[in-house]
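The values are calculated or read from the model by the stated rules, or taken from the named source; none is laboratory data. Because the structure is a prediction, the values reported are computed rather than measured. Neighbour counts run over all protein chains shown; Cβ positions are idealised from the backbone, glycine included. These accessible areas exclude ligands, DNA and RNA; they are computed on the full protein's heavy atoms, side chains included. Shrake-Rupley method; radii C 1.70, N 1.55, O 1.52, S 1.80 Å.
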Amino acid sequence: MKMLAFSLASLWRRRYKNLALFFIFSLLIFLVMSIFLIAGSIKKELLTTLNTLPDIYVQRTVGGRLMPMTIDRLEPIEEMAGIEWVMPRVWGFYYFPAAGVNFSVIGVDFDLGSYKQNYNDVVASIEEEGNFMVVGEGVRRMLNRHYYKDFFNFIAPNGDFIKVKLAGTFSSDSALESSDTILVPMDLARRIFAMDENMITDIVIKVQNPKEASIIAKNIQNLYPDTRVITKDDLKVSYQNMFDYKSGLFLALFIGAFFAFFVLVFEKASSVGKEQIKEIGILKALGWRVEDVLYLKFLESAVVIVSSFVVGVVASYYFVFVLQAPLLKNIFSGFSVLKPQTPLMPFFDVSLVITIFLIVVPLYLAATIIPSWRAAVIDPEEAIR
């Protein structure tokens, strides 16, 4: 404890230099931790949402573009072994030119329900008839901004206006996956996209054993060669690649700045001035051993870097999960006016904290201990002189 008290007093004598090192290291750790926390939180929430989705999606493609298919394709798929249920979907993107955004319009059978639980929750609470819709929070904000309070006019491909009543809004709990979504009755969705009654956009499938999803997907592909069959695992890989790319891109953009900071910090930290050499010489003249001097410098360096690490980690958690990471969050969620305004899901990764600790702390300690050892082996008389 006496050695620790002496090291703190030594740090205080050079407080401006040590405070600068403390601030720079805290800022670096804060930025790196914040990036990975935001990516991990959004990815965790999306993967949680993906677990509630159907196991297989069947889409007809022509020249790489999604095309409608006839509803009679459902029956052969339903008869395959291992399939729990099959549902047709009618959906598409509707461009709203006043705001320059695309709404996701999804047709739902309000009498039978949907394949998504949050859609079923909304369907169960609606008792409207005729042309009506249920919208996500992002769509509701955009409609209110353009003075559509109680209804919205869709323009069909033939130029006709379709007046649709606004019957409700999704809850905030489902905003991440439904912020840009509009639910309408199935026949109304067909009118908006000018589709015949026997046409659907694609098919969603729930299998009895998720481990057999890839086998069933191959069987469907063989049955309908003009289709693209997507499994839930394919979606998970896609999301994983997207967030790894975004977090890696952000770090790559800042790696030059990080490197410059590290060079500056280590140059300041590893430089032993004449006053410090003189101080070490006086301590050795008073009977201190080399290992005592190194232990003192180790405590000084450990206080600076460990406190910087703790402050950086705590500040990043506060910034991300309390302040909701202003500006940095947009890197991953996008700058769209329809983006969901939901809180980031709490996320903690012990391996991430340990990895950053092992990269930063030992490197800083080595950068300060080695120069101190070189000064400590100098003859005390020469050091004092």
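Assorted remarks:
- Looking only at residues in region 35-78 that are touching a strand residue (DSSP E or B) at 6+ places or on another chain (Cβ under 7 Å) and of a type in the set (S, T, N, Q), the one that is nearest to Met195 (Cα to Cα) is Thr70.
- Number of the exception - Arg60 against (1) assigned to a helix (DSSP H, G or I); (2) of a type outside the set (Asp, Glu); (3) over 16 Å from Phe348 (Cβ atoms): (1)
- When Ala189, Ala175 are screened for being modelled with pLDDT under 90 and either within 23 Å of Asn120 (Cα to Cα) or touching a Gly at 6+ places or on another chain (Cβ under 8 Å) (or both), only Ala175 passes.
- Checked against the criteria, Ala269 counts as surrounded by 15 or more Cβ atoms within 10 Å (Cβ to Cβ) and either modelled with pLDDT of 95 or more or not basic (Lys, Arg) (or both).
- Scope region 277-296; condition of a type in the set (A, V, I, L, M, F, W, C) and either surrounded by 13 or more Cβ atoms within 10 Å (Cβ to Cβ) or in a helix (DSSP H, G or I) (or both); matching residues: Ile277, Ile280, Ile282, Leu283, Ala285, Trp288, Val290, Val293, Leu294, Leu296
- Counting only helices (runs of 4 or more DSSP H) that fall entirely inside region 164-242 and contain at least 3 residues that are touching a strand residue (DSSP E or B) at 6+ places or on another chain (Cβ under 9 Å), under 30 Å from Gly82 (Cα atoms) and open to solvent by less than 50 Å² (accessible area, probe 1.4 Å), the qualifying elements are 213-223.
- The strands (runs of 3 or more DSSP E) located wholly in region 65-153 that include 2 or more residues which are of a type in the set (Phe, Trp, Tyr) and open to solvent by 60 Å² or more (accessible area, probe 1.4 Å) occupy 83-96.
- Among the residues of region 10-34, the ones that are at pLDDT 85 or above, of a type in the set (Gly, Ala, Ser) and either surrounded by fewer than 19 Cβ atoms within 10 Å (Cβ to Cβ) or touching a strand residue (DSSP E or B) at 6+ places or on another chain (Cβ under 7 Å) (or both) come to 1 in all.
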